[in-house]
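The values are calculated or read from the model by the stated rules, or taken from the named source; none is laboratory data. As the structure is a prediction and not an experimental result, all values here were calculated from the model. Positions of Cβ are generated from backbone atoms using ideal geometry, with glycine treated the same way; all protein chains shown enter the neighbour counts.
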Amino acid sequence: MVATSAGEWVHCGRVFSAAEIADLCATVAWLPGLARKELAATVCEHLGWTTLTGTAKISACLEFLERLQAAGLLALPAVRPSPARRSAPAAAPVEPVAEPPVHGTLSALGPVSLQVVRDPPVVALWDALVARWHPLGFQGAFGYRLRYFITAGELRLGCVLLSGAARAVAVRDDWIGWTAQARRENLPRVLNNSRFLIFPHVRVPHLASHVLGQLARRARSDWLEHWGFEPLLLESFVDPRQHAGTCYRAAGWQLLGETSGRGLARPGRTYHSTPRQVWVKPIGRDGRDRLNALTGLSRP
């Protein structure tokens, strides 16, 4: 996130030429009456700066405009105060539904499926169940995400969440063969299985691997329908102190190694975690190759 010696700037993986910076500064000067968010939307439209689904990268653009202002290259309009809002009444807490024990064989359970969760009341129930029973808890999902209930007939057996990939994982990036720039360009096509929960009252051998197999087969079509672009790789992280990753191995996922355990690094802050196993599953036979082939061709 620095300016280059040739007058170029890099922000969120996109390189801005000196000519683009000049045009951007001129646009800001021409439109002093716009609010900052409207100004960022206009700049995104002029530059064609969008996500894979065509949505303007307004937040990233606002950050970039503030960087340019700090460098003395432009002057942004003053921040306008937000209009006063009436506080909405707090939502009533969702009580997880008590379920009877489910024991037995996978075949006796009947057809198991993944049900996409979209309706707000069902989303709230999903959130409450994961917050209650998943070891990591749950405080909400943001950005690209897709929730599933694991079902068998009328029974709910667990929950699955797909969300955006981890920004940088050395063993994953080396396995794909990415450069840093290729990773920034193609990362949205990697989905993180960030929550996988079989409810504690469910004891069915091989259920977890069966679900993971379904997830790999369904992820592409579900993601295309919901978000409008094609994913090419699933990833997940397993704490080896708690689990061996057996269900991932049985479902055909590949163990690449472990994370460093250093956690997420940000300027002035240090985050620590413990090493996690890194498991991946290409979506389609050529998912890994296509992640490389997309380099330089996907939207910035």
- [ ] Those residues that are closer than 15 Å to Leu233 by Cα, out of contact with any Ser or Thr (no Cβ under 6 Å at 6 or more places or on another chain) and not β-branched (Val, Ile, Thr), I need them from segment 152-178; list them, please.
- [x] Leu162, Gly164, Ala165, Ala166, Arg167, Ala168, Arg172, Asp173, Asp174, Trp175, Gly177, Trp178
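Sort through Leu256, Leu197 and tell me the only one that's modelled with pLDDT of 90 or more and touching a Cys at 6+ places or on another chain (Cβ under 6 Å). Reasoning before the result, please.
Details: Leu256 fails: touching a Cys at 6+ places or on another chain (Cβ under 6 Å).
Just one listed residue meets the conditions, Leu197.
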- [ ] Under 6 Å between Cβ atoms, at least 6 apart or on separate chains: pull out the pairs that start in segment 150-178 with a residue that is among the hydroxyl-bearing types (Ser, Thr, Tyr) and end on any residue that is outside any loop (DSSP other than H, G, I, E, B).
- [x] Thr151/Ser113; Thr151/Gln115; Ser163/Arg145; Ser163/Asn192; Ser163/Ser194
TODO: Kindly check whether there is at least one residue in segment 116-136 that is surrounded by fewer than 19 Cβ atoms within 10 Å (Cβ to Cβ) and part of a strand (DSSP E or B).
DONE: yes
Open item on the list: I'm told Ala251 meets every condition in (1) buried (at least 17 other Cβ atoms within 10 Å of the Cβ); (2) at pLDDT below 70 except one. Can you identify the failing condition by its number?
Closed with: (2)
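Quick one: in segment 165-188, which of the residues that are of a type outside the set (D, E, K, R) and either buried (at least 21 other Cβ atoms within 10 Å of the Cβ) or within 15 Å of the chain's Cα centre (by Cα) (or both) is farthest from Gly13 (Cα to Cα)?
Step one: of segment 165-188, the residues of a type outside the set (D, E, K, R) are 165-166, 168-171, 175-182, 186-188.
Subsequent filtering for residues that are either buried (at least 21 other Cβ atoms within 10 Å of the Cβ) or within 15 Å of the chain's Cα centre (by Cα) (or both) retains 165-166, 168-169, 176, 186-188.
Details: Ala165: 15, Ala166: 15, Ala168: 13, Val169: 16, Ile176: 18, Asn186: 10, Leu187: 11, Pro188: 12 Å.
For segment 165-188, the residue satisfying everything is Ile176.
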Open item on the list: Test of understanding: among Leu191, Leu197, Leu162, which residue is buried (at least 19 other Cβ atoms within 10 Å of the Cβ), in contact with a His (Cβ under 9 Å, 6 or more places away or on another chain) and not polar (S, T, N, Q)?
Closed with: Leu197
TODO: Identify, by number, the condition in (1) closer than 20 Å to Gly213 by Cα; (2) under 12 Å from the mean Cα position of the chain (by Cα) that Gly143 doesn't meet.
DONE: (1)
TODO: Among the residues of segment 23-65, count how many are under 19 Å from Trp227 (Cα atoms) and among the aromatic types (Phe, Trp, Tyr).
DONE: 1
